[in-house]
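I have placed the structure first, in the form of C-alpha cells, so that the comments after it can refer back to it.
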C-alpha cells in the first residue's frame with residue numbers, strides 16, 4: 001500500500017508540473033509536445049482568443065484543421081524531430097509575452113516561429129485570432 005501511495009503521489013505531482021504553465025514558454029512547450037506526438041485534440045487547450053471562449057464547434061474545427069492540414073504538412077517534412085524555445089520576452093505588464101521557438105523536422109528543415117502568449121485566469125495561453 002505504501003508503494004502504491006508513493007507512486008500515486010509521484011504521478012499526480014508530475015501531472016501538475018506538466019499541466020501548469022508557470023512561465024510563458026511552458027504553454028508553448030506543452031503545445032509543441034502534443035503537436036509532435038499528434039495529440040491534436042489537446043491543441044485548443046493551449047489557445048485563447050480575445051473575442052470569446054471557444055465553442056465546442058470551434059474546438060472541433062481547430063482539431064480538424066490540425067488532423068488534416070497541419071498533420072499533412074508535418075508528414076511532408078518527415079515528422080517533427082525536435083523543437084526548442086529560443087526566447088521569451090515578457091511585456092512590462094507581466095500579462096503578455098512573446099515566445100520564439102524553432103521546430104526541427106525529420107528532413108532537417110528548421111522552421112523558426114514566434115507567438116504571443118497571454119495570461120488568462122492565471123494561466124498562460126497562446127493568443128490566436130478567430
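Considering every residue within segment 81-97, establish whether at least one is out of contact with any strand residue (DSSP E or B) (no Cβ under 7 Å at 6 or more places or on another chain), surrounded by fewer than 13 Cβ atoms within 10 Å (Cβ to Cβ) and touching a residue at least 12 places away in the same chain (Cβ under 8 Å). Spell out how you get there, then give the answer.
Going residue by residue through segment 81-97, those that are out of contact with any strand residue (DSSP E or B) (no Cβ under 7 Å at 6 or more places or on another chain) are 92-94.
Now restrict to residues that are surrounded by fewer than 13 Cβ atoms within 10 Å (Cβ to Cβ): 92-94.
Checking which are touching a residue at least 12 places away in the same chain (Cβ under 8 Å) leaves us with 94.
Scanning segment 81-97 turns up at least one residue that is out of contact with any strand residue (DSSP E or B) (no Cβ under 7 Å at 6 or more places or on another chain), surrounded by fewer than 13 Cβ atoms within 10 Å (Cβ to Cβ) and touching a residue at least 12 places away in the same chain (Cβ under 8 Å).
If only one of 59, 39 is closer than 17 Å to residue 127 by Cα and surrounded by fewer than 17 Cβ atoms within 10 Å (Cβ to Cβ), which one is it? So that I can check it myself, show each step before the final result.
Details: 39 fails: closer than 17 Å to residue 127 by Cα.
So the residue among 59, 39 that is closer than 17 Å to residue 127 by Cα and surrounded by fewer than 17 Cβ atoms within 10 Å (Cβ to Cβ) is 59.
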Out of curiosity, is residue 70 within 20 Å of residue 44 (Cβ to Cβ), touching a strand residue (DSSP E or B) at 6+ places or on another chain (Cβ under 7 Å) and at pLDDT 95 or above?
no
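Restricting to segment 43-56, and then to whatever is touching a residue at least 60 places away in the same chain (Cβ under 8 Å) and surrounded by 13 or more Cβ atoms within 10 Å (Cβ to Cβ), can you tell me which residue is nearest to residue 32 (Cα to Cα)?
Top of the filtered list is 46.
If you scan segment 98-121, which residues turn out to be surrounded by fewer than 16 Cβ atoms within 10 Å (Cβ to Cβ) and under 18 Å from residue 31 (Cβ atoms)? Show your work before the answer.
Narrowing segment 98-121 to residues surrounded by fewer than 16 Cβ atoms within 10 Å (Cβ to Cβ): 98, 102, 104, 106-114, 116, 120-121.
Correct list: 98, 102, 104, 110, 111, 112, 113, 114, 116, 120, 121.
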In segment 62-80, what residues are free of Cβ contacts under 8 Å to residues at least 24 places away in the same chain and either touching a helix residue (DSSP H, G or I) at 6+ places or on another chain (Cβ under 6 Å) or surrounded by 14 or more Cβ atoms within 10 Å (Cβ to Cβ) (or both)?
62, 63
Please go through (1) in contact with a strand residue (DSSP E or B) (Cβ under 6 Å, 6 or more places away or on another chain); (2) loosely packed, with under 14 Cβ neighbours inside 10 Å for residue 32 and return the number of the only condition it doesn't satisfy.
(2)
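The values are calculated or read from the model by the stated rules, or taken from the named source; none is laboratory data. Owing to the predicted nature of the structure, the values given are computational and were not obtained by experimental measurement. A quick note on method: Cβ atoms are made from the backbone with ideal geometry, for glycine too, and the neighbour counts reach across all protein chains shown.
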